[in-house]
Amino acid sequence: MSYTYCIKKAMYNKINFINSIVLMIFLGLSNGYCSVDGSVKFCSINPINNKQILEDTKWDNLECKDSISVDVSIGEIEPASIILRADEIIDNIRIKIEAPQNENGTKLPSDMIDTRIVKVWYQNEGAWKTHVKLSEKRVLTPELLLKNDNLVLLGKNTRNLIKLNSDNKTYFPDDLISGNRIVKNSAFGVQDSNKILPFKLEKNKNKQLWFTLRAPEGSQPGLYKAKIELLSNKIVVASMVMKVNILPFKLDSSKIKYTLYYRGQLSLFDSDLEGYISSDFKSETQLKHEFLNMKEHGISNITVYQLLHNKKFSALDDFAQKQLKKYLSILKSVGMEGKDLYYLGRLIGIPNNKYLTILLNDIDVLLSIKNEYGFDNLYLYGVDEAKNKILSSQNEIWNIVKNKGVKIIAAGGDNHTNLTKGLTDILVYQGKRPHREIVLAHEKGNKVYRYANPQVGVENPYVYRKNYGYDLWKDGFDGVMNYAYQHAMGFAWNDSDHKIYRDHLFTYPTIDGVIDTIAWEGFREAVDDIKYLTTLENILFNRPNDKVAEEAREYLFILKNNPIKDSPEIIRKKIASYITTLVLCNSNCKKLGN
């Protein structure tokens, strides 16, 4: 411990010299740390925020709070966030988080709180607003959630420098690889740390921390407090308290099914199983980590792109089928809730007679695989976003396919149901009149899933929470199938190498898993919003009409049938309060708040 440093810090913050000596001796003898108030300021914010937090963002309009508070149900994952700023350079900052503890001394595990840094890096203009490139200009954008703040550095000429794991000094300019979608893991060994590493605060510049709380199964409900300290060379430069309110219930599964287009596949060549840094070709390790990551974010099912045939080398079909079965075994092992096989590795198309024979044979193989792995239904995909004559021309082949026991899933827009005569079992809808199309589909006994509102690729977490949460429920959608978990338009770590589009990435691929983004966390909050709503609706379904139940039903009716004015955060708190009251009180509940 440096006593001189403590004294200098105390004097710098205008603490008188004698008090600084007392402070130094007391803290030095007690725990080896020195703490001086005012070294680092912090601002606690709603993490799913519509505003970009950049290095120079002013705090005036951020609704800063002086403490961190999180409501989380048993088994749920919830975010929290703070912004740090220092009036001088402070390096080698480490984070110490004590175990959350309630007033009775009961502790939760300290590792239930995970810490990452929100990385601001260069993305193409259009970032935060759209998945389309607006120009070749690059702009600073908060996006990545890193444990190693130095994994990505800002270089000259708006370049990002990516750290590779070959040693501690190798950084790779992101724009040196462009256009090529796949790079072998061994050639681009990007990998984040498995724990939060020390980081640096620059003078008068913001640094955003992101906390992810996992409320353990079996947690005792109630208020817990966890002390968080930031230390530089054993000196406490900031301390704060996180209040964790464990709610007295578990969430039910969402009534809306959350699925994603997922492009990842295992190799079709037994000599090339290493995996790639890409959105499309994975090692078994990468595949399993991505499945687990999607499950943790509330995804119940995915589209399967794994091919049934190797198109160029038909002799390898046996190996292709083995890889498909291995893929499905890995998918089943992670325990996603989805019971249907959404298969895009074999599209229906508009076949001629020869092609039709091959298609029907493939369907027999796929139905056998579907049964082997315990799926309820096999869905095959129609022509993507087909319209007018192309759309209606599929009706004949769709009838043939459906007579084989296969269901149809297709992306489309307005008037889709009429043109297909209701043959589409799941319409993945993109359009401006969802209510009309949903009513028509439901009359035919079909379902409508939402996508492209927006597609993946917009860094703003709030837009995903808002558009894929309560808004989705109000419109009457049955599910979500957004595009896509990952689709690199060129190289995944270069946002600039496509003429029109920016990369569609909820997560960034690494050699052994993924790096999450704040947009992905916003999407998870949308899923959880609907889990809260579903839980309340399930409680009310068999609940006597006491005062609280009556009030809750009225609230949901108004929410469903009127424009939404409150933020998703406020709506969630209201719904959680109804659930809590209904869970804790008997059938003679009084009005909420009494």
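The values are calculated or read from the model by the stated rules, or taken from the named source; none is laboratory data. Quick caveat: nothing in here was measured; it's all calculated off a predicted structure. Note: ideal-geometry Cβ built from the backbone for every residue, glycine included; neighbour counts use all protein chains shown. All accessible areas refer to the heavy atoms of the entire protein, side chains included, with ligands and DNA or RNA removed. Shrake-Rupley method; radii C 1.70, N 1.55, O 1.52, S 1.80 Å.
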**Request:** Output the residues belonging to region 161-198 that are within 19 Å of Thr141 (Cα to Cα) and not basic (Lys, Arg).
**Result:** Leu161, Ile162, Pro173, Asp174, Asp175
**Request:** Give the number of residues within region 539-561 that are closer than 25 Å to Ile48 by Cβ and not β-branched (Val, Ile, Thr).
**Result:** 5
**Message:** I'm told Asp111 meets every condition in (1) assigned to a loop (DSSP other than H, G, I, E, B); (2) farther than 30 Å from Ile500 by Cβ except one. Can you identify the failing condition by its number?
**Reply:** (1)
**Item:** Exclusive hit being assigned to a helix (DSSP H, G or I), open to solvent by 50 Å² or more (accessible area, probe 1.4 Å) and hydrophobic (A, V, I, L, M, F, W, C), set Ile564, Ile539, Ile571, Ile558
**Value:** Ile558
**Request:** Scan region 53-111 for residues that are closer than 18 Å to Asn204 by Cβ, in contact (Cβ under 8 Å) with a residue 12 or more places away in the chain and open to solvent by 30 Å² or more (accessible area, probe 1.4 Å) and jot them down.
**Result:** Leu54, Glu55, Asp56, Trp59, Cys64, Arg85, Asp87, Glu88, Ile89, Asp91
**Request:** Could you please find all residues in region 414-440 being under 19 Å from Asn301 (Cβ atoms) and open to solvent by less than 20 Å² (accessible area, probe 1.4 Å)?
**Result:** Thr424, Ile426, Leu427, Val428, Tyr429
**For Asn482: the one exception among (1) in contact (Cβ under 8 Å) with a residue 24 or more places away in the chain; (2) surrounded by fewer than 23 Cβ atoms within 10 Å (Cβ to Cβ)** = (2)
**Request:** Mind counting the residues in region 498-516 that are surrounded by fewer than 23 Cβ atoms within 10 Å (Cβ to Cβ), assigned to a loop (DSSP other than H, G, I, E, B) and of a type in the set (Phe, Trp, Tyr)?
**Result:** 0
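Every residue, every condition in (1) at pLDDT 95 or above; (2) closer than 20 Å to Asp252 by Cβ, yes or no:
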position: Gly490; (1), (2): no, no
position: His504; (1), (2): yes, no
position: Thr535; (1), (2): yes, yes
position: Ile539; (1), (2): yes, yes
**Message:** I'd like the residue in region 389-413 that is under 18 Å from Tyr429 (Cα atoms) and touching a helix residue (DSSP H, G or I) at 6+ places or on another chain (Cβ under 6 Å) and, out of all such residues, is most open to solvent (accessible area, probe 1.4 Å).
**Reply:** Ser392
**Check on Leu140, at pLDDT below 85, open to solvent by 10 Å² or more (accessible area, probe 1.4 Å) and not polar (S, T, N, Q)** = no
**Any hit, region 284-305, residues being out of contact with any His (no Cβ under 7 Å at 6 or more places or on another chain), open to solvent by 20 Å² or more (accessible area, probe 1.4 Å) and in a strand (DSSP E or B)** = no
**Item:** Sole exception among (1) in contact with a helix residue (DSSP H, G or I) (Cβ under 9 Å, 6 or more places away or on another chain); (2) surrounded by fewer than 24 Cβ atoms within 10 Å (Cβ to Cβ) for Asp495, by number
**Value:** (2)
**Complete:** By residue number, the members of region 451-481 that are assigned to a helix (DSSP H, G or I) and of a type outside the set (Asp, Glu) are Pro461, Tyr462, Val463, Tyr464, Arg465, Lys466, Asn467, Tyr470, Leu472, Trp473, Lys474
**Complete:** Residues of region 253-281 being surrounded by 22 or more Cβ atoms within 10 Å (Cβ to Cβ) and without any contact (Cβ under 8 Å) to a residue 40 or more places away in the chain, in sequence order, are none
**Prompt:** Which condition does Tyr373 not pass, out of (1) touching a Leu at 6+ places or on another chain (Cβ under 8 Å); (2) among the hydroxyl-bearing types (Ser, Thr, Tyr); (3) crowded, with 17+ Cβ neighbours inside 10 Å, if it passes all the others?
**Reply:** (3)
**Message:** Restricting to region 378-404, name every residue that is closer than 18 Å to Asp340 by Cα and in contact with a Lys or Arg (Cβ under 8 Å, 6 or more places away or on another chain).
**Reply:** Leu378, Tyr379, Leu380
**Asked** Can you name every residue in region 154-209 that is in a loop (DSSP other than H, G, I, E, B), without any contact (Cβ under 8 Å) to a residue 60 or more places away in the chain and in contact with a strand residue (DSSP E or B) (Cβ under 6 Å, 6 or more places away or on another chain)?
**Response** Gly155, Thr158, Arg159, Leu164
